[in-house]
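Okay, structure first, notes after.
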Amino acid sequence: MQSFVDFMNGIIWSPALIYLCLGAGLFYSILTRFVQVRHFGEMWRLLLSGKSSTKGISSFQALAVSLSGRVGTGNIAGVAAAIGFGGPGAVFWMWMVAFFGAATAYAESTLAQIYKEEDNGEFRGGPAYYIEKCMGQTWYAVIFAIATIFACGFLLPGVQSNSIGNAVEAAFGSGDMIETAVGTFSFAKILTGTIISIILAFIIFGGVKRIANFTQVVVPFMALAYIITAFIIILLNISEVPRIFSMIISDAFTPMAGFGAAIGWGVKRGVYSNEAGQGTGPHAAAAANVDHPAQQGLVQSFSIYIDTLLVCSATAFMILITGAYNVHGAEDFLIQNVGADIAANGPVFTQMAIESALPGIGKPFIAIALFFFAFTTILAYYYIAETNVAYIRRFIKVNGLMFVLKLALIAVVFYGTVKTANLAWAMGDVGVGLMAWLNIVGILVIFFMAKPAMKALKDYEEQQKQGVEAYTFNPVKLGIKNADYWEARYRRETGKDPQSEVQKETVEQPST
């Protein structure tokens with residue numbers, strides 16, 4: 001199984017996808033005139049404004065839900081893996097994919113808002129919806145939805161719960177070994193898997209509102225606590241910071257693990273962590289209740305900064321400052337600072353880093369942090385899978401699909417908690433890669449077909465210049481088709497027909 005999954009990863013994560021992720025971010029950065037920099041202040045304003053409704057959640061709640069997906073195992077174990085296999089220079093490429101990926105996040109999240117729908121009293125949207133409505137390719141949308149259900153419902157949750165199990169075992173010991181029908185596992189992992197499964201069931205059976213309410217409290221708290229801990233360690237070793245910066249930058253272009261390894265692992269773990277272009281963030285973005293689609297695009301763009309430039313960087317600096325890492329070469333270690341038996345695909349590097357700087361704190365702190373980081377990510381994965389099941393129900397009229405998804409996710413999470421890490425991470429990479437391929441190709445094709453995200457940004461900036469008190473969005477006026485929700489909303493709020501507004505402007509234009 002491991003060999004087959006590694007073979008699939010070799011195909012999916014070929015250099016083509018690595019450069020597609022970076023290229024798409026650069027493409028949208030240039031075309032939006034670096035929206036992630038120009039509108040940084042507006043991102044802050046929008047983040048703190050907006051309200052939820054009976055059908056949608058607030059911008060901040062949507063940010064929390066999407067951040068719960070972005071801020072997870074990738075920020076702790078994923079950064080360790082990037083350094084362990086790609087060298088310190090991989091951190092630089094994580095920064096690059098984050099900076100350019102912020103523009104990709106704007107584009108995909110704005111598209112999700114433009115083409116969202118109301119489904120049983122809730123907003124639904126995401127790549128499957130905008131691929132069908134803008135590209136007009138239902139078959140492609142269905143393939144994305146199936147791939148996403150497969151990835152977020154069956155592959156990725158096991159990666160998150162696996163890291164929780166490993167961290168708990170490292171912090172508190174394994175306890176007695178218990179034989180089961182599927183193998184022998186430690187009592188600590190079985191107990192951890194049981195607790196996670198029970199809490200998970202309580203929340204996911206409560207719907208998106210319960211998920212949003214949980215994540216908006218937990219995500220800011222856990223991220224802030226983690227960053228403060230990292231900041232303390234950095235302050236205690238402040239004299240080392242210039243050397244670490246220099247090592248990251250120099251190794252990015254003359255890497256000890258090979259140029260391809262540094263870029264490959266940096267981009268792979270960067271995309272895994274911040275999810276820019278992967279197609280997961282747009283699902284939460286579509287659920288937000290905003291006055292203009294571009295607003296949530298900007299908020300989601302800001303989430304990339306929080307994930308990679310803050311949380312991932314915090315992990316990287318803790319590991320590099322304390323020297324709690326190895327770098328694997330093709331056959332042997334290029335750098336070996338810790339035991340050869342310590343796997344890079346796990347949270348142990350980070351635990352050791354904190355433990356060496358703050359004795360007695362590292363292992364339990366990371367176990368607790370990983371529990372919240374990974375658990376909220378599992379919730380985000382469930383919501384994403386649920387949204388795509390809702391989309392698939394249009395074509396497959398079978399009752400009980402949501403219930404089956406819930407049970408399957410709980411089973412996968414329990415199994416992932418007790419299973420080995422390498423297979424879990426490899427399967428997660430397959431899921432991430434499939435979604436990234438389908439989504440990035442989709443948003444690039446959509447750009448050349450209709451440019452809806454660019455039109456929305458221009459419209460929003462024009463209203464900004466006019467100093468309007470309440471933003472409106474008329475998709476018909478902008479030449480955007482099939483944005484049914486926004487057409488109905490414009491008609492309801494203004495009392496005007498979107499099409500008549502376009503006809504009025506046409507009549508008023510002087511003839512030539």
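Among the criteria (1) basic (Lys, Arg); (2) at pLDDT below 80; (3) more than 29 Å from residue 322 (Cβ to Cβ), the one residue 38 does not fulfil is (2).
Among the residues of the stretch 480-503, is there at least one that is outside the structural domain of residue 179 (by TED's automatic domain parsing), under 22 Å from residue 131 (Cα atoms), among the small types (Gly, Ala, Ser) and at pLDDT 85 or above?
Kept after step one, since they are outside the structural domain of residue 179 (by TED's automatic domain parsing), are these residues of the stretch 480-503: 480-503.
Within this subset, residues satisfying the condition of being under 22 Å from residue 131 (Cα atoms) are 480-489.
Add one more test, that the residue is among the small types (Gly, Ala, Ser), and what stays is 483, 488.
Among the residues that remain, those that are also at pLDDT 85 or above are: 483, 488.
Yes, because at least one residue in the stretch 480-503 is outside the structural domain of residue 179 (by TED's automatic domain parsing), under 22 Å from residue 131 (Cα atoms), among the small types (Gly, Ala, Ser) and at pLDDT 85 or above.
The set of residues in the stretch 255-296 being crowded, with 24+ Cβ neighbours inside 10 Å, aromatic (Phe, Trp, Tyr) and either over 10 Å from the mean Cα position of the chain (by Cα) or modelled with pLDDT of 85 or more (or both) consists of 265 alone.
A quick yes/no check of all residues on (1) surrounded by 21 or more Cβ atoms within 10 Å (Cβ to Cβ); (2) out of contact with any Phe, Trp or Tyr (no Cβ under 6 Å at 6 or more places or on another chain); (3) polar (S, T, N, Q):
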position	(1), (2), (3)
298	yes, yes, no
304	yes, yes, no
314	yes, yes, no
323	no, yes, no
349	yes, no, no
361	no, yes, no
366	yes, yes, no
386	yes, yes, no
394	no, yes, no
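Say whether the condition of being of a type in the set (Ser, Thr, Tyr), in the same structural domain as residue 44 (by TED's automatic domain parsing), under 27 Å from residue 107 (Cβ atoms) and at pLDDT 80 or above is met by at least one residue in the stretch 212-226. No, the stretch 212-226 contains no residue that is of a type in the set (Ser, Thr, Tyr), in the same structural domain as residue 44 (by TED's automatic domain parsing), under 27 Å from residue 107 (Cβ atoms) and at pLDDT 80 or above.
Among the residues of the stretch 140-192, those identified as in a strand (DSSP E or B) and either in contact with a helix residue (DSSP H, G or I) (Cβ under 7 Å, 6 or more places away or on another chain) or acidic (Asp, Glu) (or both) are 178, 179, 185, 186. Within the stretch 362-374, identify whether any single residue is of a type outside the set (A, V, I, L, M) and in contact with a His (Cβ under 9 Å, 6 or more places away or on another chain), and answer yes or no. No - not one qualifying residue is present in the stretch 362-374. Cβ separations smaller than 7 Å between residues 6+ apart or across chains give no pair from the stretch 328-343 residues that are closer than 19 Å to residue 356 by Cβ to residues that are at pLDDT below 80 and charged (D, E, K, R).
The values are calculated or read from the model by the stated rules, or taken from the named source; none is laboratory data. Just so it is clear, the model here is predicted, and its values are computed rather than measured. Glycine also receives a Cβ, built like all others from the backbone with ideal geometry; neighbour counts cover every protein chain displayed.
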